[in-house]
Amino acid sequence: MDRIRQGRSAVGVGFPGSTGLPDTGPRGAAARPAPWVPSGRIDDDRFALLRTGGSPGNLVCADDLPDGLVLADHIGRVCVFNRAAARLTGVSPADAIGADIRDVLPLRDRDGRDRWARADPYHGLNIRTRHEEVSCYLPNGTELLVTVGYTRDRHCHRVRRLTVCLRGAAGLARVERSRADLVSTVAHELRSPLTSVKGFTATLLAKWHRFTDDQKRVMLETVNADADRVTRLITELLDVSRIESGRLEVHRQVVDVAERARKVIAGRVAAGESQHRFSLQVHEPIPEMWLDPDKIDQILGNLIENALRHGAGTVTIVVEAALGIGPGGGAAVSVRDQGEGISPELAPRVFRQFWRAKRRGGTGLGLYIVKGLVEAHGGTISVYPAPGGGAEFRFTLPAGTPAFAR
């Protein structure tokens, strides 16, 4: 075992007695029977070594792998059973090494059928090289994501080694919960405006001549507002999709951040908010900023709407230069309210999908989108207690000056 730890004879998987030959070719490791590890050497052999590159000395311990790794020889006896596999299955390496892999991992599919009987790895189709990742279950109900690979003899295609990779299903469960939350949120947010649109349009069509012009205008304005609400929701969903897939594009041009803030405030006033509800403070000088104007409007709009919806009192927007964020400097923008604020234990959660303070309206996607848009510009965003009480969302953006403009 000392030879294996020193890397002098570890090839493919560092089985005892490895010759150091390559793992391919007619005389390689794949063309030789994989050795069986005797039970007397369990404590050492579970620390099998894997070659990670062209050099035989470039080795990694199997126990260092984050996912479960199980290797079986040409008759199904387990040769390697790493620490992650033991954690995922609850089977100790001492019990696994030397035992039949079908007994160590009695895998069942979603319908309770024996996965090994269906796959028949040692007697099935002899041109298979791997099985895609599938969800399997242990007898105790533990769900695992299992991938199987084959190492075959070059000439007769007989299985020489079986490689099984195991991953926990907790990540998959989180993804499924997130999808369920998304479907539930979208259904809820769409139902209300669509019900309103359907109700008003049906009423107008059936009783058009019974309503005055003012009544018709009120109904049509309501339909228009609800249509805008649906459009915003669809836009948010598209933004989430682009952020998660890395397809968010930033079209940079010179942007006056303070002027964009004035534009957003003017839009809120035109929509019915009081002018006295807002305070804009600009601390000059601010370096020339190359940003995406539409996305800056979206960032400021979401943060101001969040402050109006969840905060109280005056909403203060502070625009100033940011130091220490790159050779060209940058800008920092703070949006403060005078409400109850956000407790420190909740602060790390506010930028997650579907987070809503006390379940007050909205989809819970606004701040998640803001964070994605800020980071797409190379910036950062955080939330703090505001100086006068309430919450302060502060984001910083580098100047983003392109090479041709320097």
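Just so it is clear, none of the values below were taken in a lab; they were calculated from the coordinates. This is a predicted model, so every value here is computed, not measured. Here Cβ is always computed from backbone atoms with ideal geometry, including for glycine, and neighbour counts include all displayed protein chains.
At-a-glance table
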| read-out | value |
| --- | --- |
| Per-pair calculated FRET efficiency, R0 = 30 Å: I234 and E132 via Cβ, rounded to 0.05 | 0.35 |
| Tensor-based shape of the range 174-245 (alpha-carbon gyration tensor, a/c under 1.5 rounded, otherwise prolate or oblate) | prolate |
| Cα pair distances in the range 61-139, grouped into 10 Å bins until the bin that holds the longest one, percent each | 17, 49, 32, 2 |
| Qualifying trypsin sites (Lys or Arg not before Pro) in the range 218-274, DSSP loop, other Cβ atoms within 10 Å at most 16 | R247, R252 |
| Distance between the range 221-283 and the range 300-379 - C-alpha centres, whole angstrom | 13 Å |
| Projected-area average for the range 257-360 over all orientations - Cα convex hull basis, square nanometres | 7.8 nm² |
| Pair D103, R87: separation of 7 Å Cα→Cβ label points (nm) | 2.7 nm |
| Label-point separation, H123 to V218 (7 Å along Cα→Cβ), nm | 8.0 nm |
| Per-peptide average of other Cβ atoms within 10 Å, ordering 194-201, 148-155, 134-141 highest first | 148-155, 194-201, 134-141 |
